[in-house]
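The values are calculated or read from the model by the stated rules, or taken from the named source; none is laboratory data. This is a predicted model, so every value here is computed, not measured. Note that we place each Cβ from the backbone using ideal geometry, even for glycine, and neighbour counts take in every protein chain shown.
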Amino acid sequence: MDAEEGNFREINIEFLAKSGEESFDIFYKTDSFDNAKYVKFASTERKHQEKVLRLLEEGTEQDFYIHEEDLFKYYRCATNSLRAVMSNPDVPLKKKTEKIYEVSKGVMKEFFDNNVSEKILESSEEVMEMMEDCMSTAELGFHGIAEITSKDYYTYTHSVNVGLYCMTFGLKRKMSRNDIRQLSLGGMLHDVGKSKIDYSLINKSGKLTDQEFEAMKAHAAEGSHIIAGMNCFADNVVRMAGEHHEKYKGGGYPTGKIGDEIHLYARICKIMDVYDALTTRRSYKKALSAFDTLIIMKKQMSNDFDPHLLQDFIRLMGPGL
């Protein structure tokens, strides 16, 4: 058996289908003389699937894993499980959004941290569609979203957070369902180009040098290239990745577009991108409050944003910041 740690991924057993029809092997980990070994707990055989069903019913503290080659099957299974949760009227809406957020984080974490194929990003569309259904029913608003999002900054959590903020903005502005879906998906995928940037730059504590910043800037163009190359996302989504660092009054990157030359969705994404970055903790800074963040965005960064969209965002945030 392949015992290399990097070839296995921890899974949430709650997302396994209760029908017991998993199409992948499940492992648990043992440590022997500081060497990790993965032992098969269940296979696709019926007798093994019954073990999984009992585990789901009884609960367990044991951690379980799958081989990395089965990730796509696992996330398909997870989205099927989410559909069942979504259709259950006895599950509170907040619990539903938390479950969807967890799956979304998992998808983006695999992509950014484990160098998984870009194909895994396709599952993000279905997950965000479920989140939209949930949020439009719950009318959570920005404060409700802030309660379920991660307060620590990682590229994968930031990506999901921006997608949810974009979605909320679209819902509050009563955009069409198709526009909301593309806006939220583009928000979630806006930073995929960072997967092509040196890992040490992405995770550097503190300010980048001028040379490092120039290297980092490539992620915008890389992101639009990745998404366009997948041939399954709309051009609106592609442009969000490519233009979310353009500035309304000019001076942004990668091409220095100004005003309405920047796609509407990218202008919205820029606001949500900065807002989430400032309101989450990083190793070298504390999280700012929503009120302080909006003051900075309006007073110190006003040239960066479409003023009408920023004003809309502040208005839609409502009282109690």
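If you go through the stretch 110-125 one residue at a time, how many are surrounded by 17 or more Cβ atoms within 10 Å (Cβ to Cβ) and either out of contact with any Asp or Glu (no Cβ under 7 Å at 6 or more places or on another chain) or of a type in the set (Phe, Trp, Tyr) (or both)?
Of the residues in that region, 7 qualify.
Within the stretch 89-99, which residues are closer than 17 Å to THR157 by Cα and buried (at least 18 other Cβ atoms within 10 Å of the Cβ)?
THR97, LYS99
Checking the structure you have, find out if any residue of the stretch 72-82 is in the same structural domain as LYS285 (by TED's automatic domain parsing), at pLDDT 80 or above, more than 15 Å from ASP276 (Cα to Cα) and surrounded by fewer than 17 Cβ atoms within 10 Å (Cβ to Cβ). Steps first, answer last, please.
Here is the first cut: in the stretch 72-82, the residues in the same structural domain as LYS285 (by TED's automatic domain parsing) are none.
No, that holds for no residue.
Conditions first: (1) surrounded by fewer than 19 Cβ atoms within 10 Å (Cβ to Cβ); (2) within 13 Å of ILE11 (Cα to Cα); (3) assigned by TED's automatic domain parsing to the domain that holds ILE26. GLU102 passes all but one, so which condition is the exception?
Status for GLU102: all satisfied but (3).
List every residue pair whose Cβ atoms sit under 8 Å apart, with the two residues 6 or more apart in sequence or on different chains, where the first one lies in the stretch 197-209 and is touching a residue at least 60 places away in the same chain (Cβ under 8 Å) and the second, anywhere, is in a loop (DSSP other than H, G, I, E, B) and surrounded by fewer than 12 Cβ atoms within 10 Å (Cβ to Cβ).
SER205/SER283; SER205/TYR284; GLY206/TYR284
(1) within 21 Å of GLU10 (Cα to Cα); (2) among the small types (Gly, Ala, Ser); (3) touching a residue at least 60 places away in the same chain (Cβ under 8 Å): which one isn't true of SER123, the others all being true?
Unmet for SER123, out of (1) within 21 Å of GLU10 (Cα to Cα); (2) among the small types (Gly, Ala, Ser); (3) touching a residue at least 60 places away in the same chain (Cβ under 8 Å): (3).
Of all residues in the stretch 200-227 being farther than 17 Å from TYR156 by Cα and basic (Lys, Arg), which is farthest from the chain's Cα centre (by Cα)?
Selected residue: LYS207.
Test VAL85 against the criterion of being assigned to a loop (DSSP other than H, G, I, E, B) and over 17 Å from THR168 (Cα atoms), and give yes or no.
No.
Among all residue pairs at least 6 apart or on different chains, which show Cβ distances below 7 Å where the first residue, located in the stretch 294-313, is closer than 15 Å to ILE258 by Cβ and the second is surrounded by fewer than 17 Cβ atoms within 10 Å (Cβ to Cβ)?
Sorted first by the residue in the stretch 294-313, then by its partner, the pairs are ASN303/LYS249.
Could you please find all residues in the stretch 244-261 being in contact (Cβ under 8 Å) with a residue 24 or more places away in the chain and crowded, with 16+ Cβ neighbours inside 10 Å?
Within the stretch 244-261, HIS244, HIS245, GLU246, LYS247, TYR248, GLY252, TYR253, PRO254 qualify.
Quick one: LYS172 ticks every box in (1) more than 20 Å from the chain's Cα centre (by Cα); (2) surrounded by fewer than 17 Cβ atoms within 10 Å (Cβ to Cβ); (3) not polar (S, T, N, Q) bar one, so which box is it?
LYS172 satisfies all of (1) more than 20 Å from the chain's Cα centre (by Cα); (2) surrounded by fewer than 17 Cβ atoms within 10 Å (Cβ to Cβ); (3) not polar (S, T, N, Q) except (2).
Would the stretch 161-184 turn up any residue that is under 30 Å from LEU93 (Cα atoms), hydroxyl-bearing (Ser, Thr, Tyr) and outside any helix (DSSP H, G or I)?
Yes, some residue in the stretch 161-184 is under 30 Å from LEU93 (Cα atoms), hydroxyl-bearing (Ser, Thr, Tyr) and outside any helix (DSSP H, G or I).
Would you mind finding the one in GLY256, GLY229, GLY206 that is assigned by TED's automatic domain parsing to the domain that holds LEU185 and at negative phi?
GLY229 is the lone residue from the list that is assigned by TED's automatic domain parsing to the domain that holds LEU185 and at negative phi.
Within the stretch 20-42, which residues are in a loop (DSSP other than H, G, I, E, B) and at pLDDT 80 or above?
Going residue by residue through the stretch 20-42, those that are in a loop (DSSP other than H, G, I, E, B) are 20-25, 33-34.
Of everything in the stretch 20-42, those that are in a loop (DSSP other than H, G, I, E, B) and at pLDDT 80 or above turn out to be PHE24, ASP25.
When the stretch 275-286 is examined, which residues are found to be out of contact with any Phe, Trp or Tyr (no Cβ under 8 Å at 6 or more places or on another chain) and surrounded by 15 or more Cβ atoms within 10 Å (Cβ to Cβ)?
Step one: filter the stretch 275-286 for residues out of contact with any Phe, Trp or Tyr (no Cβ under 8 Å at 6 or more places or on another chain), giving 278-279, 283-286.
Once the filter is applied, which keeps residues that are out of contact with any Phe, Trp or Tyr (no Cβ under 8 Å at 6 or more places or on another chain) and surrounded by 15 or more Cβ atoms within 10 Å (Cβ to Cβ), the stretch 275-286 yields LEU278, THR279.
Mind listing whichever residues of the stretch 208-220 are exposed (fewer than 13 other Cβ atoms within 10 Å of the Cβ) and part of a helix (DSSP H, G or I)?
Passing the criteria: ASP210, GLN211, PHE213, GLU214.
Here are LYS40, LYS99, LYS94: which of them is basic (Lys, Arg) and under 12 Å from ASP25 (Cα atoms)? Quick ask: steps written out before the conclusion?
Working: LYS99 fails: under 12 Å from ASP25 (Cα atoms); LYS94 fails: under 12 Å from ASP25 (Cα atoms).
LYS40 is the lone residue from the list that is basic (Lys, Arg) and under 12 Å from ASP25 (Cα atoms).
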